[in-house]
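Single-structure report; data block below.
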């Protein structure tokens, strides 16, 4: 039996559609992104302000912990992209269910894995630099 | 660097979408692998566009910040997060980040659509075991 053939993928048309997707469904984009955008801006500003006042730049890094507020937006927008605008028409601006929990866990897992890989790489580089004569 | 980032981001988003277990979402790699390069290119193009936009925002507001801090006679280190220019620059960057996130998610859904279309076009049912 012949293997299945991939259907045509119109690159330019897909790129155009994708690029304009937030504008095509702008009201939905606004509905799902408003809370996360405001929360992210507020976190950036507050932690930036604290970092400046206490003169400790690393405090600004704490603003990263606002990332979970993006999860409901990610899930809603994926539903919209995959199933269509009707699937999120009645969805609340903010909802956190099983899908959101899974995506959050995945995000944490990826973050931990990335930090672990970076730490291992940094450790190896340090070790190699130390053991190389003449360094 | 950008290519590696785009590749990692794409793999991450594929997993993210797969986790949500939508109707019949079981990407058939036999069918989608040919489209992967094009999906990756889309990530690359859109990523570059947004990174350029963010850089423009940073340059514009960075210059404004420099001018404003020089004007009020404060060293940037003490005024860096207190100027209107920085606040506006950061806010615009955050908004751009969300637009970028929305487009990235839309790209991933393309893989799903390709698989669905193939199913509708009569590809073997076994390739798409329903969730």
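The values are calculated or read from the model by the stated rules, or taken from the named source; none is laboratory data. Note that the structure is a prediction, hence the values are computed from the model and not measured. A quick note on method: Cβ atoms are made from the backbone with ideal geometry, for glycine too, and the neighbour counts reach across all protein chains shown.
Each residue in the stretch A:79-103 was checked for being closer than 17 Å to residue A:35 by Cα and at the interface with another protein chain (Cβ under 10 Å from one of its Cβ atoms), and 1 pass. When we screen A:29, A:45, A:58, A:73 for residues that are more than 16 Å from the chain's Cα centre (by Cα), within 9 Å of another protein chain (Cβ to nearest Cβ) and assigned to a helix (DSSP H, G or I), the only hit is A:45. Among the residues in the stretch A:91-100, are any under 30 Å from residue B:37 (Cα atoms), out of contact with any strand residue (DSSP E or B) (no Cβ under 7 Å at 6 or more places or on another chain) and surrounded by 13 or more Cβ atoms within 10 Å (Cβ to Cβ)? Within the stretch A:91-100, one or more residues are under 30 Å from residue B:37 (Cα atoms), out of contact with any strand residue (DSSP E or B) (no Cβ under 7 Å at 6 or more places or on another chain) and surrounded by 13 or more Cβ atoms within 10 Å (Cβ to Cβ). The stretch B:23-121 holds helices (runs of 4 or more DSSP H) entirely within its bounds, and those carrying 3 or more residues that are within 30 Å of residue A:45 (Cβ to Cβ) and modelled with pLDDT of 70 or more map to B:29-72, B:84-120. Between A:30, A:49, the distinction of being at pLDDT below 80 and out of contact with any helix residue (DSSP H, G or I) (no Cβ under 7 Å at 6 or more places or on another chain) belongs to A:49 only.
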